[in-house]
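Trainee: Shown below is the structure under consideration.
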Amino acid sequence: YNRLRKTNPFPEFTGRVCPHPCEVGCTCNLGGDPVNIKEKELSIIERAYESGLIKPEPPEVRTGKTVAIVGSGPSGLCVAEYLNRRGHSVTVYERSDRVGGLLMYGIPNMKLEKTYIERKVKLMEKEGVVFKTGVNVGVDVKAQDLKKQYDAVVLCCGASNPRDIKAPGRKSKGIYFAVDYLTRVTKHVLNPEFTDFVDAKWKNVLVIGGGDTGNDCVGSSIRQGAKSVVQLEMMPQPPKERTESNPWPEWPKVLKTDYGQQEAIAVFGKDPRIYETTVKEFIKDDKGVLKQVKCVKLAWEKDEKTGRMKMSEIAGSEYVLDVDLVFIAAGFLGTQDYIAKDFELKLTERTNVATKPGQYKTSADRVFVAGDMHRGQSLVVWAIREGREVAKAVDQDLMGYSNLG
């Protein structure tokens, strides 16, 4: 446990939700099975809690420096953990009603039970970290106020600007962004009195997007009692085994059947995914309610000029699906405008917050950035990595040196 906590402050999270790229890159893959690192770190942290090894460890000395962290996802929590250990006084602002960011509301409860997040947050509070929920920085509290009140500000707001599907009929009732759906479902699970959630029971559900978030929508819909679930993926179906162009230790670009698809196969008798397909039109009834979706098959071919793969619709391949609910899980486009404007930040072409290569200080004075807001939509392990590195950068800026690893 002491060895593990030096590099990973949240093995109780990564041991449950990380796709474990470390296992994919393990040299044991060359002659057999990899070291099951994910299971090991989860068993270590849970054993540590059970045996009483984990106790509040507030810093013995405070530096007198104050830091505001905006966002309480994995990167924000990581920054808070390390800067508080160092002795700085840390306050974390979260616009939602609970701490955790996408860990809390972007990942379903069956995949990451929220009691594990709450357990860690309570420990951090006992160690001196202050959490302020229900505060939307940029709206409720302005950037200038934070900069006056704190010695440094770290932005960990995520890449929460969802990519939309621009097709006729998009305004039909019954179409939701995936994270909005997952958030409201989780709120209902945590508090049954919260009734403003989307219920897929007895509904024909279409999930647009083949990634982890799309898979979570498939699993959540089935558990709510959906009548049918279909998942659209624009890309071709991956091969079942590595190709020669995808050697170890690269991430294996092979067909992955996650828990959502496994449950769909168990309930409906078939894989819900349809590949090389996109939405052509959302069809609504005379009351504006979604009733069908027109889909079209896609063809992929290499562009001779650029060498990149490009897609085109296959003429005459349109077909219609009966659909009551659509969940758009097509990824994210980066930083939300109101935060960037309030802090007067420079952005990259991909609307991530701009910094010098390998650095975390933004174009605004005493303002730093980390996580998805800095690098774009990514994994929890990258959020932790960036959280550790930005903590060291902030510490260096405040103290003139840093002893954070």
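Trainee: For the stretch 198-252, run through the GluC sites (Glu not before Pro) and keep only the ones in DSSP coil with at most 16 other Cβ atoms within 10 Å of their Cβ.
Mentor: Hits after loop and neighbour filter: Glu241, Glu244, Glu250.
Trainee: Assign unit charges at the C-beta atoms only (+1 for Lys and Arg, -1 for Asp and Glu), then state the dipole size of the stretch 253-405 relative to its Cα centre in Debye, rounded to the nearest 20.
Mentor: The dipole of the stretch 253-405 has a size of about 420 debye.
Trainee: Rounding to the nearest 20 debye, state how big the charge dipole of the chain is about its Cα centre with +1 on each Lys and Arg Cβ and -1 on each Asp and Glu Cβ.
Mentor: So the dipole magnitude of the chain works out to roughly 400 debye.
Trainee: Report the net charge of residues surrounding Pro238, where surrounding means a beta-carbon distance below 11 angstrom and charges are Lys +1, Arg +1, Asp -1, Glu -1.
Mentor: +3
Trainee: Determine the alpha carbon to alpha carbon distance for each of Lys310/Lys341; Lys40/Lys132; Lys173/Lys227; Lys227/Lys297; Lys148/Lys361; Lys171/Lys302 and list only those over 27 Å.
Mentor: Cα-Cα > 27 Å for Lys310/Lys341; Lys40/Lys132; Lys171/Lys302; rest within.
Trainee: Over the stretch 176-225, how many percent of alpha carbon pairs lie in each 10 Å bin up to the one with the longest distance?
Mentor: 27, 59, 14, 0
Trainee: Counting Lys and Arg as +1 and Asp and Glu as -1, each charge on the Cβ, what is the dipole of the stretch 228-291 about the Cα centre in debye, to the nearest 20?
Mentor: 140
Trainee: Okay, moving on. Among Thr213, Asn161, Trp248, pick out the residue whose Cα is farthest towards the positive end of the charge dipole of the chain, where Lys and Arg carry +1 and Asp and Glu carry -1 on C-beta, about the Cα centre.
Mentor: Looking along the dipole axis, the top candidate is Asn161.
Trainee: Separate question: Compute the accessible area per residue over the chain, keeping the other protein chains in place, probe 1.4 Å, unit Å².
Mentor: 51
Trainee: If you don't mind, there's one more thing I want to ask. Pick out, in residue order, every one of the trypsin sites (Lys or Arg not before Pro) in the stretch 299-381 that is DSSP loop and has at most 13 other C-beta atoms within 10 Å; say none if there are none.
Mentor: Listed in order of number, the matching sites are Lys305, Arg308, Lys346, Arg350.
Trainee: Can you give me the long-range amide H partners of Phe177? Hydrogens built in the peptide plane at 1.01 Å from N, cutoff under 5 Å, separation of 5 or more residues or another chain.
Mentor: Under 5 Å from the amide H of Phe177 lie the amide H atoms of Ile328, each far enough along the sequence or on another chain.
Trainee: In whole percent, how big is the carbon plus sulfur part of the accessible area of the stretch 125-228, probe 1.4 Å, protein atoms only?
Mentor: The computed percentage sits at 48.
Trainee: When a/c is below 1.5 the answer is rounded, else prolate if a/b is larger than b/c, else oblate, so apply that to the stretch 98-251 with a ≥ b ≥ c taken from the square roots of the Cα gyration tensor eigenvalues.
Mentor: Verdict is prolate for the stretch 98-251.
Trainee: Now, a different point. If you line up the Cα atoms of the stretch 305-368 on their principal axes, what length do they span on each, largest first, in Å?
Mentor: Here the spans come out as 56, 40, 17 Å, largest first.
Trainee: When the Kirkwood hydrodynamic radius is evaluated over all pairs of different C-alpha atoms of the chain, what value in angstrom, to one decimal, is obtained?
Mentor: So the Kirkwood estimate lands at 23.0 Å.
The values are calculated or read from the model by the stated rules, or taken from the named source; none is laboratory data. Quick caveat, the model's predicted, so the values are computed rather than measured. Positions of Cβ are generated from backbone atoms using ideal geometry, with glycine treated the same way; all protein chains shown enter the neighbour counts. Each accessible area value is taken on the protein alone, full model and side chains, heavy atoms only, with ligands, DNA and RNA left out. Shrake-Rupley method; radii C 1.70, N 1.55, O 1.52, S 1.80 Å.
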